[in-house]
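The values are calculated or read from the model by the stated rules, or taken from the named source; none is laboratory data. Given the structure is predicted, the values throughout are model-derived calculations rather than measurements. Glycine also receives a Cβ, built like all others from the backbone with ideal geometry; neighbour counts cover every protein chain displayed. Heads up: the accessible areas ignore ligands, DNA and RNA and are worked out on the full protein's heavy atoms, side chains in. Shrake-Rupley method; radii C 1.70, N 1.55, O 1.52, S 1.80 Å.
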Amino acid sequence: MSPSILGQLWAIPVSVAASLYALLATVLPFLPRLLFLQSSSTRLLSGVSTPTHEESLCRYESLYTRDHPRFFRGTYAQLIDAVKNKLEHALVYLHAEDHDDTLRFTRETLAHPDVLAALSGSTNESTAPVNVYLAPMHAAESVQIASLLGAAAFPFLALVTLSSVQGVTRPAVVWRSEGFVDGPTLASQITAAVQTHGLFLATVRRERRDREVEREMRSAQESAYQESLRRDRERAQRQLREAEQKKAAEDVRKTMVQSKADELKARQARRATLRAAYAADPSPTTPLTDASAAPARIRIRLPSGAQHLRSFAPDALVRDVYAYVDSLDPRNEDAEDPMAWAEARVTATGEDADQEEDEEEEEEGVPDFGFLLCDVYPRREFRDLDRTVVDAGLRGGVSLVVEI
């Protein structure tokens, strides 16, 4: 078969395909746009990377104009987060460089003062600025966004804001524009859409603010409740410590009272024994021929003023003199009830005062007796209990005073 015949046969299906495409393009005007999206997606899968914000902005200004809305800096996901969390409006612009209307749309419509004012929120004090997202169609993310938004014609704009869809509050497209539109018309449409859906956002803001106030109130109440519980625990612990300390102090006090009462009982018993031992005066009934055997007669004056005369053998010790004086009860303790006396002593003096008193007794008195025997003039103190009365100089009618 000749080459000319093969060429004629190949031209037949190509002609049929071209005619069919022309028919579909007439019936379905958005078909070329879909083919454009598929072509962009094919280029994306072939390794075309997503440009950065700075690269897209630089390319836009170099090809079109520096007069444009302030484009959102971030990803599409971050844009939607701003819609959900900050309750802001978002205008998505699908920018197709290959489209015939793109040059006129960027320079005449998007750069129009009315559009810039509407997007910046300066036309109405109650209108917040709109985040404008530039989505170049040669970028990977933009192709996905176009498919998500169902873009069928260019230039394409979609206003995304928080809306109630079937009772669920979520970001949704509340207004869209497909194809060329002049600046004043676009400005009025954007302003109307923002104001219309701004009422819903105001309601959502108020509800969120009310929930936040309620949450802060509950948090403050919970904090106050926890603080109250903490103070109650501290007060209970303090009261428990005070009760334990009070009980410990009372136990110590009872121990001290009992100890002093036992000491007094011991002293009373000892004096009773001493009184029985010193009941008879050892003075000789017959004259002594040896002067050295003569007893030592000692006059003793008690703190109460009472005086007692007692004879002691020459070999008697000073300790015996102290024992005799102790039998006379120089402190007037024998008439005391031990428990009552101890209770009064502990209550009146306390532990510190009692300790000072014991130290004073050890300093001024003699051990085991708690008082001191001394001669007034010239003053002599008799502290050596193991000396005899003769060696201590207690002969010849000595008068001693008892110092407590």
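List the GluC sites (Glu not before Pro) in the stretch 63-158 that DSSP assigns to loop (not H, G, I, E or B) and whose Cβ has at most 10 other Cβ atoms within 10 Å. Which are they?
Answer in residue order: Glu125.
Which listed residue (Ala272, Thr196, Ala243) has the Cα farthest towards the positive end of the charge dipole for the stretch 195-290, taking +1 on Lys and Arg C-beta and -1 on Asp and Glu C-beta about the Cα centre?
Final value for the positive-end residue is Thr196.
Please list the non-local residues whose amide H lies under 5 Å from the amide H of Ala392, H modeled 1.01 Å from N, same-chain partners needing a gap of 5 or more.
HN-HN under 5 Å from Ala392: empty list.
Through the Karplus equation 6.51 cos²θ - 1.76 cosθ + 1.60, θ set to phi - 60°, convert the phi angles of the stretch 214-220 into ³J(HN,Hα) values in whole Hz; use x for Gly and Pro.
Using θ = phi - 60°, the values come out as 5, 5, 5, 5, 5, 5, 5 Hz.
With a 1.4 Å probe and every protein chain kept in, tell me what percent of the accessible surface of the stretch 84-216 is carbon plus sulfur.
C and S fraction of accessible area: 48 percent.
Which peptide among 202-214, 150-162, 266-278 comes first, and what is the full order, when sorted by highest mean count of other Cβ atoms within 10 Å?
Top to bottom by mean Cβ count within 10 Å: 150-162, 266-278, 202-214.
So, with +1 on the Cβ of K and R and -1 on the Cβ of D and E, and no other charges, what is the size of the charge dipole of the stretch 293-332 about its Cα centre, to the nearest 20 debye?
Dipole size: approximately 180 debye.
Work out from phi, with θ = phi - 60° and the Karplus expression 6.51 cos²θ - 1.76 cosθ + 1.60, the ³J(HN,Hα) of each residue of the stretch 250-259, listed in order in whole Hz, and give x for Gly and Pro.
5, 4, 5, 5, 4, 5, 5, 4, 5, 5
Taking the alpha-carbon distance from Lys265 and a cut-off under 25 Å, which lysines remain once sequence neighbours fewer than 8 residues away in the same chain are dropped?
Leaving aside lysines fewer than 8 places away in the same chain, those within reach of Lys265 are Lys254.
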